[in-house]
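Below is one structure; the comments refer to it alone.
The values are calculated or read from the model by the stated rules, or taken from the named source; none is laboratory data. The shown structure was predicted, so the numbers you read here are calculated from the model rather than taken from an experiment. Glycine gets a Cβ as well: all are built from the backbone with ideal geometry, and neighbour counts include every protein chain shown.
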Amino acid sequence: MSLLSIEKINSGYGEIQVLLDISMHIHDGEVVSIIGANGAGKSTLLKTISGLIVPEAGSIQFDGETISGMSPDEIVNRALIHVPEGRRLFSLMSVYENLEMGAYSKRAESNFKENLQAVYQLFPRLQEREKQLAGTLSGGEQQMVAIGRGIMAQPRVLMLDEPSLGLAPVLKTDIFAAIKKIADEFGTTIVLVEQDVVNSLAISDRAYVMEQGQVVIEGTSAELMDDPQIKKAFLGL
Ligand SMILES: Nc1ncnc2c1ncn2[C@@H]1O[C@H](COP(=O)(O)OP(=O)(O)OP(=O)(O)O)[C@@H](O)[C@H]1O
Ligand SMILES: [Mg+2]
């Protein structure tokens, strides 16, 4: 059975309909990539799952419960955590204080120390820079804080919106390796929205390709890497 089921979702912004009849099924412990060009609706999908946008039609089930229609708070309390596009750190707060902000559910509060250790084990750099203001970190370090803040919420599902955006190739490699580690070591289910198709297929089990608000291709990541359409559209082959 799926941990997260998206059933025939229509969603958008007022009159503007972005997602059309989207269905996806994500199983416990999987890493699933969602790839697609700019404007395909990837961020709108994550916003709809996390309750920031209420879908006009369809339903979303998480762990056997209907979550579509719930508030973002209620969804966060179920450990479905969204790390939004563009990092959104508190730039005048320290690394530590930013991480602290992630731990606002009761469960996350009571496991604060263990979760912080997990973040520092994953990103030793953040421990070294614990007291530094987030706004003065490099782009890669800021992305580590954004992901770390998500881990502080002790997610069952971690949804990452373009974590590698704007990073130098060597830093991208580090971020993708860290995401893989989160899945492998903590057993966290990961929904990975990315435009870096090569790296995201390399660390994911399955993938969905979105185009103009619809799912156009789905399959295992290995299948998609060999798909001529994917090669042509995303890999420049
Ligand atoms: N707040 C908004 N109000 C109106 N339209 C919006 C809003 N946010 C996004 N859109 C539109 O919805 C469509 C999908 O946007 P979305 O941000 O979901 O795409 P995306 O796949 O995440 O793209 P990118 O890769 O550039 O982040 C776009 O046409 C965009 O202009
Ligand atoms: Mg986006």
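A few points about this structure:
- Odd one out for N38, checked against (1) more than 17 Å from the chain's Cα centre (by Cα); (2) polar (S, T, N, Q); (3) surrounded by fewer than 23 Cβ atoms within 10 Å (Cβ to Cβ): (1)
- Qualifying positions in the stretch 15-45 - more than 8 Å from ligand 1 (Cβ to nearest atom) and outside any strand (DSSP E or B): E15, D28, G29, E30
- Hey, D227 within 16 Å of ligand 1 (Cβ to nearest atom) and closer than 25 Å to G39 by Cβ or not: no
- When I26, I35, I9 are checked against the criterion of being away from ligand 2 (no atom under 16 Å from the Cβ), closer than 26 Å to F176 by Cα and of a type in the set (V, I, T), I26 stands alone in meeting it.
- Residue that is farthest from L46 (Cα to Cα) [pool: residues in the stretch 74-84 that are in contact (Cβ under 8 Å) with a residue 60 or more places away in the chain and either within 16 Å of ligand 1 (Cβ to nearest atom) or not in a loop (DSSP other than H, G, I, E, B) (or both)]: V76
- Of all residues in the stretch 49-65, none are within 16 Å of ligand 2 (Cβ to nearest atom), surrounded by 19 or more Cβ atoms within 10 Å (Cβ to Cβ), within 19 Å of the chain's Cα centre (by Cα) and in a strand (DSSP E or B).
- Inter-residue pairs, beta-carbon under 7 Å, first farther than 11 Å from V216 by Cβ and among the aliphatic types (A, V, I, L, M) and in the stretch 35-47, second within 8 Å of ligand 2 (Cβ to nearest atom) and not in a loop (DSSP other than H, G, I, E, B), 6+ apart: L46/D161; L46/V193
- Residue within the stretch 186-201 that is more than 27 Å from V119 (Cβ to Cβ), within 16 Å of the chain's Cα centre (by Cα) and buried (at least 21 other Cβ atoms within 10 Å of the Cβ) present: yes
- Filtering D196, D205 for residues that are within 30 Å of Y120 (Cβ to Cβ) and touching a Lys or Arg at 6+ places or on another chain (Cβ under 9 Å) leaves a single hit, D196.
- Single residue of the stretch 85-115 satisfying the filter (of a type in the set (D, E) and over 21 Å from L46 (Cβ atoms)) that is modelled with the lowest pLDDT: E109
- Within the stretch 101-114, the presence of a residue that is in contact with a strand residue (DSSP E or B) (Cβ under 7 Å, 6 or more places away or on another chain) and surrounded by fewer than 20 Cβ atoms within 10 Å (Cβ to Cβ) is excluded.
- Taking residues in the stretch 9-29 that are within 14 Å of V209 (Cα to Cα), and partners anywhere that are outside any strand (DSSP E or B), the pairs with Cβ atoms closer than 7 Å and at least 6 places apart or on different chains are L19/G41; L19/T44; L19/L45; L19/T48; L19/G213; L20/G213; I22/L45.
- Residue that is nearest to I203 (Cα to Cα), among those in the stretch 155-169 that are away from ligand 2 (no atom under 16 Å from the Cβ) and either of a type in the set (F, W, Y) or modelled with pLDDT under 95 (or both): P169
- Any chance V197 is of a type in the set (A, V, I, L, M) and within 23 Å of S2 (Cβ to Cβ): no
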